[in-house]
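Written below as structure tokens is the structure these notes are about.
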Amino acid sequence: MRRLIACASRLPGRLLRHGALVAGLGFCMVCAVFADDIVVTDQTFSCLLDWPKVRGTYLRNDDPQRLQEAIRIFRDQVQDTEYPVGTIFQVIPFEAMVKHERGAIPKTRDWEFFTLDANATGTKITDRGENVLEIFDMVSAAAGAAMSDHPRGVTCLSCHQGAATHDFICEKGHGCAPIPLNDAQLAKLQASDPRCAKK
């Protein structure tokens, strides 16, 4: 009987230590997953002209290795490959998309869409998430109209879903509806980013 009691008294301690070890490892794994994601604030966005550019698109990642991987995927138009966490894509100064950790936003393959108020003093995020409405009417811009800060009723996701084989990144030949701006018009719009110091 004494042996049974002694054994039973040692059992909870061993189980407790084992349970604590398992819980600790689980916590570390959860922390590692969340540590991989990024926090996006107004300061995340800056003058487009300071970012690397591939064809007509600017992209950024604060991790140099991830940036090189993102550039490689985009430059070589690699299909069925996800961009690294923290990758930011911008074509125009007023809209952006940021890649989060896997599972963060399943509906968008973990891309978060942003509309931005870009001005000479910096950037202010005006909307963000998976259901963001486009504020930039490229058809009107192609006709010479100024940007409107009123949503058009079209979600960013509705356009980007066409590029499913390219991790929702639009470009010519990726399956998205073509934008009505030619390369010269797009470059002029990008160069007008009000956050960029005038030279």
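No value in this document is a laboratory result; all are computed from the given coordinates. A quick note: this is a predicted structure, and the numbers were derived from the prediction, not measured. Positions of Cβ are generated from backbone atoms using ideal geometry, with glycine treated the same way; all protein chains shown enter the neighbour counts.
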Inset, instruction - Run the quick spin-label model on Lys107 and Gln68: label points 7 Å from Cα toward the beta carbon, then report their separation in nm to one decimal. - result: 3.7 nm
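How far, in nm, would the chain grow between Asp37 and Ser158 when pulled straight, counting 0.36 nm per residue and subtracting the alpha carbon separation? Walk me through the numbers before you get to the answer.
Values: separation 121, 0.36 × 121 = 43.56 nm, distance 2.43 nm.
Separation in residues times 0.36 nm, less the Cα-Cα distance, equals 41.1 nm.
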Legend entry - Two-site label geometry, Ala187 and Ile125: point separation in nm, points 7 Å out along Cα→Cβ: 3.3 nm
